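The values are calculated or read from the model by the stated rules, or taken from the named source; none is laboratory data. Model, not experiment: these values are computed from the prediction. Please note: Cβ atoms are built from the backbone with ideal geometry, for glycine as well, and neighbour counts cover all protein chains shown. To get the accessible areas, we keep the full protein, side chains included, count just its heavy atoms, and leave off ligands, DNA and RNA. Shrake-Rupley method; radii C 1.70, N 1.55, O 1.52, S 1.80 Å.
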Amino acid sequence: MKKIHSLSRIALDAAIIGAGFMNAYAADETIRELAKERGRFIGTILNSEWFNDAIEPEFEEIHKTQFNVVVAENEMKFDATEPKEDEFNFEKGDKMVKYAQANGLRVRGHALAWHSQVANWVNNYKGQKEKLLAVLKNHITKVVGHWKGQIAEWDVVNEAVNDDYNADWRSTNSVWYEGIGAEFLDSAFVWAHAADPDAELCYNDYSLEWGLREGSKASFVVEQVKRWKANNIPITCVGTQTHIEIAHETTPQNVRALAKALAELNVTLNITELDIGFPKGSAGNLTKADYAKQGHLYRQFMDVFLEEPNMGEFVIWGLTDAHSWLDDQQGKTEGLLYDKQYKPKPAYDSVMASLKAHPASEVKSPYPDSILNPPDSCKTGNCGDSINALPRFNNKQNLSVHFAGRTLYITGLASKTAAKVDIFDMQGHLVFSAKDVKDNIEISSIPEGLYVVQIRQGVTRLTKQIAIK
Ligand code: XIL
């Protein structure tokens with residue numbers, strides 16, 4: 001793509017033409033730079049237009065200069081990556097990872113198990129539990145495996161909670177839930193972790209910014225996270241999409257409360273899809289005060305983000321109002337940091353102001369140095385420690401397990417200490433436990449099905465999914 005505008009040219013344009021918006025910051029001072037100093041990731045999507053080479057050159061110029069984390073708007077979703085059964089298309093995703101590598105951007109993967117944007121062929125297996133489990137496992141294993149070490153964090157499950165006043169799992173219009181039941185979520189996390197043990201794994205949803213009243217979506221998710229953590233289901237983060245409107249003034253404080261609730265569970269909260277839209281009808285009539293109000297809300301979200309130590313990523317669902325799903329699909333408009341001419345809006349200045357008001361020395365980062373300053377080989381993903389100490393495969397003794405009939409055989413155990421064997425169902429419930437196991441054990445009490453077996457001997461641990469027949 002030919003670049004017709006340099007960044008300084010854009011800044012100049014902003015200063016000259018910006019009768020409406022004046023960008024108060026010098027061209028060499030970027031969100032990205034201030035985010036990095038604070039050990040945080042601030043970013044936006046690559047719109048589908050970017051993947052199709054159908055976007056203005058300013059887009060990429062601003063994108064890579066201002067941000068340090070990136071997400072594909074649609075190109076890593078199920079229908080894009082597995083359009084035909086077991087035939088994968090990684091072309092567009094690879095294009096993004098290459099771009100991220102070249103520009104030192106962290107990559108979020110979005111999204112593995114979601115009821116929406118599932119390839120049509122999956123519906124051929126409606127209601128067939130074993131087949132759907134196999135389909136989802138194959139999808140997650142191959143997609144996450146393809147980008148192992150290159151994608152820092154996955155939205156493993158997206159939007160699985162319904163919109164009822166008393167929140168529960170989304171039980172209709174979801175091929176996964178209807179065919180498999182809630183265990184599809186637990187399984188998805190286990191498979192994703194097996195495919196890339198260093199990746200952060202998130203549960204992502206909308207309306208989590210509506211507070212923690214009993215029965216709310218946010219409370220329901222916190223309860224599930226408690227259960228997942230208690231049962232060693234490898235979740236490390238929650239994503240609050242946060243598609244809001246200008247009138248939603250209480251939402252930043254609700255996000256703060258959610259961050260605090262998750263901090264107690266040693267789980268990170270990321271803002272994953274922020275936009276703060278105006279009603280579509282107001283387009284053309286928006287005043288300076290309206291844009292200032294939008295800026296104020298952006299600032300409050302950024303303040304919360306920087307002040308809560310278990311928040312790591314702040315991702316906006318779009319860069320410019322010229323390309324946003326709000327206009328096409330949401331009856332909203334102008335929710336982003338840059339206007340349709342790529343000029344920074346007051347919201348941009350507010351984000352910068354918040355960053356400056358929170359000096360690097362006062363902002364805690366949830367990430368270890370191996371993630372903040374990764375070697376070149378894994379710039380876009382994680383090759384080192386993931387932040388929340390997942391149950392890792394420290395299997396220096398090369399433990400392995402296999403079944404013969406109903407006998408579980410373990411090889412590789414050190415001879416002197418006995419091992420502990422735990423078996424969990426795919427909901428993460430402990431269904432079998434035995435201490436002092438020497439090299440084999442009879443498992444007769446468990447019905448047929450898929451399970452996760454965990455063998456522990458001292459610091460050595462093997463976690464493996466097994467089918468009991
Ligand atoms: C949206 C995209 O922006 C659109 O281009 C697409 O047509 C529909 O999906 N929650 C999510 C995102 O998790 O994947 C959605 O993205 C927006 C809502």
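Suppose we filter Tyr177, Tyr165 for residues that are outside any loop (DSSP other than H, G, I, E, B) and more than 16 Å from the chain's Cα centre (by Cα); which single one remains?
Tyr177
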| Selection status of Tyr298, away from the ligand (no atom under 16 Å from the Cβ), of a type outside the set (A, V, I, L, M, F, W, C) and in contact (Cβ under 8 Å) with a residue 60 or more places away in the chain | no
| said: The conditions are (1) away from the ligand (no atom under 16 Å from the Cβ); (2) at pLDDT 95 or above; (3) exposed (fewer than 15 other Cβ atoms within 10 Å of the Cβ), and Pro375 fails exactly one of them. Which is it? | reply: (2)
| said: Give all pairs with beta carbons closer than 9 Å in which a residue from the range 231-247 that is in the same structural domain as Ala192 (by TED's automatic domain parsing) and open to solvent by 10 Å² or more (accessible area, probe 1.4 Å) meets a residue that is part of a loop (DSSP other than H, G, I, E, B) and within 15 Å of the ligand (Cβ to nearest atom); count only pairs at least 6 apart in sequence or on separate chains. | reply: His243/Tyr206; His243/Ser207; His243/Trp317; His243/Gly335; Glu245/Gly335; Ile246/Gly335
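Can you tell me how many residues in the range 140-167 are within 16 Å of the ligand (Cβ to nearest atom) and not hydrophobic (A, V, I, L, M, F, W, C)? I'd like the intermediate steps shown before the answer.
So in the range 140-167, the residues within 16 Å of the ligand (Cβ to nearest atom) come out as 143, 151, 153-163.
Now narrow it down to the ones that are not hydrophobic (A, V, I, L, M, F, W, C): 153, 155, 158-159, 162-163.
Qualifying residue count, the range 140-167: 6.
Scanning for something closer than 20 Å to Thr268 by Cα, at pLDDT 95 or above and not charged (D, E, K, R), does the range 125-148 turn up at least one residue? Working first, answer last.
Residues of the range 125-148 that are closer than 20 Å to Thr268 by Cα, as a first pass: none.
The answer is no; no qualifying residue exists.
Taking the condition of being among the small types (Gly, Ala, Ser) and closer than 11 Å to Trp176 by Cα, how many residues in the range 109-142 meet it?
Matching residues across the range 109-142 total 3.
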| remark: Picking from Leu105, Leu112, the residue that is within 16 Å of the ligand (Cβ to nearest atom) and surrounded by 12 or more Cβ atoms within 10 Å (Cβ to Cβ) would be Leu112
| field | Single unsatisfied condition, Lys364 versus (1) open to solvent by 30 Å² or more (accessible area, probe 1.4 Å); (2) at pLDDT below 95; (3) within 18 Å of Thr268 (Cβ to Cβ) | value | (2)
| query | Of all residues in the range 176-185 being of a type in the set (A, V, I, L, M) and crowded, with 21+ Cβ neighbours inside 10 Å, which is farthest from the ligand (Cβ to nearest atom)? | reply | Ile180
| note | Among (1) within 16 Å of the ligand (Cβ to nearest atom); (2) surrounded by fewer than 20 Cβ atoms within 10 Å (Cβ to Cβ); (3) more than 18 Å from the chain's Cα centre (by Cα), Tyr206 falls short only on (3)
| request: Please tell me if Leu258 is part of a helix (DSSP H, G or I) and either polar (S, T, N, Q) or in the same structural domain as Gln330 (by TED's automatic domain parsing) (or both). | output: yes
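For Ala54, indicate whether it is open to solvent by 10 Å² or more (accessible area, probe 1.4 Å), of a type in the set (Gly, Ala, Ser) and either out of contact with any Asp or Glu (no Cβ under 9 Å at 6 or more places or on another chain) or modelled with pLDDT of 95 or more (or both).
On the way: open to solvent by 10 Å² or more (accessible area, probe 1.4 Å): yes; of a type in the set (Gly, Ala, Ser): yes; either out of contact with any Asp or Glu (no Cβ under 9 Å at 6 or more places or on another chain) or modelled with pLDDT of 95 or more (or both): yes.
Yes.
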| Complete set of residues in the range 256-279 that are without any contact (Cβ under 8 Å) to a residue 60 or more places away in the chain, open to solvent by 10 Å² or more (accessible area, probe 1.4 Å) and either within 29 Å of Pro368 (Cα to Cα) or within 16 Å of the ligand (Cβ to nearest atom) (or both) | Arg256, Ala257, Lys260, Ala261, Ala263, Glu264, Leu265
| request: Give the residue that is most open to solvent (accessible area, probe 1.4 Å), with candidates limited to residues of the range 289-342 that are touching an Asp or Glu at 6+ places or on another chain (Cβ under 7 Å) and charged (D, E, K, R). | output: Lys340
